[in-house]
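Asks: Encoded as structure tokens, here's the structure I'll be asking about.
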């Protein structure tokens, strides 16, 4: 680059090439790490919503109506696809779970 009153264009190209290769490697690593993450769903605005999120991080829209049921033992609200209640550890059966109506706050 610039050293002692002279511009070294070759050094600039070398460093840019190194940065480009680092960026490519970071992209590869992010793709590998992203494989184990929770699934994401797209929002109406096009942003991806992480599993379990209630609002879009970009536009703020509600993530949508997800079915919710109540635990038959303790009454705690659970996701409809839950296998166990996280509060009382009771197994959730499809027949014993009571549907809940979700009221926004």
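The values are calculated or read from the model by the stated rules, or taken from the named source; none is laboratory data. Remember, predicted model here, so these are calculated numbers, not experimental data. Ideal geometry is used to build each Cβ from the backbone, glycine not excepted, and the neighbour counts take in all protein chains shown.
Asks: Answer yes or no: is there a residue in the stretch 16-38 that is modelled with pLDDT of 80 or more and part of a loop (DSSP other than H, G, I, E, B).
Replies: Within the stretch 16-38, not a single residue is modelled with pLDDT of 80 or more and part of a loop (DSSP other than H, G, I, E, B).
Asks: From (1) at pLDDT 75 or above; (2) in contact with a strand residue (DSSP E or B) (Cβ under 7 Å, 6 or more places away or on another chain); (3) exposed (fewer than 12 other Cβ atoms within 10 Å of the Cβ), pick out the condition that doesn't hold for residue 48.
Replies: (3)
Asks: What number of residues in the stretch 57-80 are modelled with pLDDT of 75 or more and over 17 Å from the mean Cα position of the chain (by Cα)?
Replies: So the answer is 10.
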